[in-house]
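Working notes, beginning with the structure itself.
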């Protein structure tokens, strides 16, 4: 009975938190065909987001980005799952882990983050990890995990805001899509933002300092971490396809030329 009540309130909260915020205005939108030509399997697409939960995540992480998804290419139809072309795999509060077409985010500000030096084998491994996760869902009975997002700008010190992302029952917080992606990269021991410990060793009467990396718990990762990670390259489609500022047509020049004709 108690679980049923929690599930009911969890669904109500999830519905409320995923409502869109009016007056969202994207500033830099890339055509889907341009994104498709730029993305590679294993790339991370960061999305600004326009929902109530997006606003809270952006505040807690002090970032533009509130959502992340992994591009895996085309996914064939399996059992009851339809085929998806140009698929992104994401973890979403109400739908759980799902494959969605790239066109879903054609009207949003986005950023591509690419893991550098990833081998073909490991690239396939992270894509497989995400694909095999399709169908997993966020446990809406964990109402505590959802309550933190009801207040978009809670009066929490900056040093504690990231900890709020891991608040709750201990169940992986799939509302923050980056936790699943972090698990995928940790499965092949690819770094995102590891903790760095400097270890001093004595070698033949001299001292040598070595950096040792420690894996952070996946529940502490946020979408912006792929943006600021030194191991992910920010890929801008406009520059990749070839950009020459001399080819730009400015409105002032265009109308000026029209009046002189």
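Hey, rough spin-label estimate for residue 1 and residue 37, points 7 angstrom out along Cα→Cβ, what's it come to in nanometres?
6.3 nm
Sorted by average packing, counted as other Cβ atoms within 10 angstrom per residue and highest first, what order do 128-137, 231-240, 65-74, 38-47 take? Write out the running numbers ahead of the final one.
Working: 128-137: 16.4, 231-240: 14.5, 65-74: 23.4, 38-47: 21.7.
In decreasing order of mean packing, 128-137, 231-240, 65-74, 38-47 become 65-74, 38-47, 128-137, 231-240.
With a point put 7 Å past each Cα toward its Cβ, work out how far residue 11 is from residue 252 in nm, to one decimal.
Inter-label distance under the simple model: 5.8 nm.
Just want the ordering: 9, 108, 27, 151, from fewest to most Cβ atoms lying within 10 Å of their own Cβ. Please list the in-between numbers first.
Numbers: 9 15, 108 18, 27 6, 151 11.
Neighbour counts put them in this order, fewest first: 27, 151, 9, 108.
Provide 20, 61 in ascending order of the number of other Cβ atoms located within 10 Å of each residue's Cβ, fewest first. The partial results should precede the final answer.
On the way: 20 11, 61 21.
So the residues, fewest neighbours to most, are 20, 61.
Using Cβ counts within 10 Å as a stand-in for footprinting exposure, how do 228, 75, 53 rank, fewest first?
Values: 228 13, 75 20, 53 25.
So the residues, fewest neighbours to most, are 228, 75, 53.
Can you tell me the length gained on complete extension of the stretch residue 78 to residue 94, counting 0.36 nm per residue apart and subtracting the Cα distance? If you can, show how the numbers build up before the last one.
Working: separation 16, 0.36 × 16 = 5.76 nm, distance 2.20 nm.
So the extension gain works out to 3.6 nm.
Read the figures in this text as sums done on the coordinates, not as results from a lab. What you see is a predicted model, and the numbers here were worked out from it, not measured in a lab. Positions of Cβ are backbone-derived with ideal geometry, glycine not excepted, and every protein chain shown enters the neighbour counts.
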